[in-house]
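Read-outs: derived from the displayed coordinates by stated rules, not from any lab. Quantities reported herein were computed from a predicted structural model and do not represent experimental measurements. Virtual Cβ from ideal backbone geometry, glycine too; neighbours counted across all protein chains shown.
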């Protein structure tokens, strides 16, 4: 196999890892607080369109910030529906996704004068080369050149997230709300604000991830550019057993699966397949992984269940 | 639990004899109020958006209404838009009743269009047989596509929301491959990828001649026999859900899997069967476009009908009658888009925003209604019990 292509494939895989990992971490916060968030895809979509708009007008930092904040605001719809009104989590999440499709068309028309895409060349960060790794021989160095700084940030996020979940008051309370809200309530901690913050974090991270996709990866907003990555992030979350470090493994796996059709289409074995079948690989990998793992992992005990509570907290 | 701990539960004062309505009447009233409240909320927020553009909400709403109802051809266009949405929403709702989310209608109908095209182009049959065979081929293709997530759910517990979305992704590539290879027309006069034009025997006839409205409904409004078929499908789904054993089992599994299993119902077998029926319904979604409009299968096929179907199903409370009404409403909004684009300075996507607002508010309103209803039922039962005790 030409190693140059392998290097390029790894580089693309790392971009997709960033998208899947950020979104997956969002899902993790939400589900650990007890709210299943199948609307991640929709939250990402809001991040793509708002992020691209922000970056075109005020540069990449503003773009990513606006994308993240718009994801957060949009996720509040999910929080109000599921936490306050106790609507079924999946129903609400599905509605978020359906509404996002229309909302993105509306906003895109408003911002870019076209319902389906922005102009290309959205300003982004400069890329960086990782010292040493980027000079690996035989084309492998390609994997670590021209990397978005966001990818490094995504990798680094695992530490504060683990710390927050295991060592901070907020993290422990958040998890208790997802495992046993009744007990949380009994010790005098309000469940509702915890679940709101879990969903808010999921919106923030999914929106950021969408903005990263539009600004850093594609350099344009395009309808449908999220390609189900929000759902793949959910799959990575299941595969990662709702743990930040194992989620990273799942996100790497699915991220590289995304890269196969883009860069390894003519590798041995894969090269025999028609192009369109190679494109199915990421989806098939996801289905197989989910089907193989789902019985052997343990979701947060109270995830998906409405907390009826007493006295409105 | 929640009811028992309600603070105002202590011994009911016997004095004011407020006769509560029968639960089913009550249910209808509460739900109607919920729908009206959701529509009103949407109208208000929508008005605020329209006002921010400096347009008059009343004018926009009346434009949408006039564009979709003033002439027979407008109504025909509304029905044309509603037809695939009815099938799509029925597919979603059947699965939903059995506790499953078929987010894969999108992929299922795309594959159905592909298999229908194979039957239309490759088979040479007399018209009486050909059209039904094409429709069956669509159903079969969609059912195969629905079978994969269904069997994975039953056998491994893989959640159908994730697997159906992945199947959607696969279907796009599969169809692209089919259009590039076996189905590609030999006619080189086209820039875009497409199949051969379908023979006359595989084309869905328009409905207008049968209604005697040929002169009023132009052939550009593709209202075909699939619309009455969609009405029939509503009736069939209603019958299936509420008058057959499978429907009963499906609703039992959807309402409470534990109780259903304790009652001797096999959850897996029921969900598998229901999901296949859902897939079969999804097979019809692309047919009005394929057989009644385009007459060939090309890369620019209609998409997102499966996702819109989810919205239609939720708005219609997953009930066949509700679905019919909400599909018509979506048809009006689709048609109204043209009116908005012609008569106002608003972006035509404003109707999409209205749809989104409506769905969000309706989902919340229904949930509130459900809770109000539960509370009232409990009150009703308490009252009846009290009366019985007093009589004894």
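Descending by average beta-carbon neighbour count within 10 Å, the peptides B:291-297, B:54-60 line up as B:291-297, B:54-60, the highest first. A straight chain from residue B:390 to residue B:25 at 0.36 nm per residue would run longer than the Cα-Cα distance by 128.9 nm. Peptides B:24-31, A:168-175, A:232-239, ordered by how many other C-beta atoms sit within 10 Å of their residues on average, highest first, read A:232-239, A:168-175, B:24-31. Peptide B:180-187 shows a mean partner chain C-beta count of 1 within 10 Å per residue C-beta. Convex hull of alpha carbon positions in the stretch B:212-364: directionally averaged projected area 12.2 nm².
By how many degrees, between 0 and 90 and to the nearest 10, does the Cα long axis of helix B:160-180 differ from the longest principal axis of chain B? Once rounded, the angle reads 10 degrees.
Nearest 500 deg cm²/dmol is fine: what mean residue ellipticity at 222 nm does chain A get from its DSSP H runs of n ≥ 4 alone, each adding -39,500 (n - 2.57), divided by its residue count?
Value at 222 nm, helices only: -21000 deg cm²/dmol.
Peptide A:223-231 has a mean shielding of 3, counted as Cβ atoms of other protein chains within 10 Å of each residue's Cβ.
FRET efficiency for the residue B:52 to residue A:61 pair, using the beta carbon distance and R₀ = 30 Å, is estimated at 0.60. Calculated mean residue ellipticity at 222 nm for chain B: -23500 deg cm²/dmol, from DSSP H runs with n ≥ 4 weighted as -39500 (n - 2.57), summed, divided by the residue count and rounded to 500.
With a cut-off of 18 Å on the backbone N, the residues of the stretch B:69-101 near the modelled label site 7 Å out from residue B:213 along Cα-Cβ are B:69-86.
Test of understanding: ordering B:367, B:160 by Cβ neighbours within 10 Å, fewest first, what list do you get?
So the residues, fewest neighbours to most, are B:367, B:160.
Label positions at residue B:188 and residue B:32, each projected 7 Å from the Cα along the C-beta direction, are separated by 6.7 nm. Stretching residue B:321 away from residue B:273 to a fully extended chain increases their span by 15.0 nm, per 0.36 nm per residue minus the current alpha-carbon distance. When only alpha carbons are used to place a centre, the stretch B:252-331 and the stretch A:33-96 end up 27 Å from one another.
Compared with the dominant Cα axis of chain B, that is its longest principal axis, helix B:320-343 is turned about 60°.
Residues B:117, A:151, B:308, ranked from the fewest to the most other C-beta atoms within 10 Å, line up as A:151, B:308, B:117. Between B:184, B:371, B:71, the GNM of chain B built on Cα springs shorter than 10 angstrom shows B:371 fluctuating the most.
Projecting label points 7 angstrom from Cα along Cα→Cβ for residue A:128 and residue A:146 puts them 1.8 nm apart.
Let me know the shape class of the stretch B:59-205, please: from the alpha-carbon gyration tensor, a ≥ b ≥ c as square roots of the eigenvalues, rounded when a/c is under 1.5, otherwise prolate if a/b is greater than b/c, or oblate. Oblate, because a/c is 1.5 or more while a/b does not exceed b/c. Structure remark: mean-square fluctuation, Gaussian network model of chain B, C-alpha springs under 10 Å; the largest value among B:162, B:175, B:253 belongs to B:162.
When the Gaussian network model of chain A links Cα atoms closer than 10 Å, the mean-square fluctuations of A:46, A:116, A:92 top out at A:116.
If you fit an axis through the alpha-carbon atoms of helix B:350-391 and take the longest principal axis of the Cα set of chain B, what angle between them do you get, 0 to 90°, nearest 10? With rounding to tens, the tilt is 30 degrees. Peptides B:199-206, B:75-82, ordered by how many other C-beta atoms sit within 10 Å of their residues on average, highest first, read B:75-82, B:199-206.
Legend: mean number of C-beta atoms from other chains within 10 angstrom of residue C-beta atoms, peptide B:355-364, equals 5.
Extension gain for the segment residue B:245 to residue B:261, taken as residue separation times 0.36 nm less the Cα-Cα distance, is 4.3 nm to one decimal.
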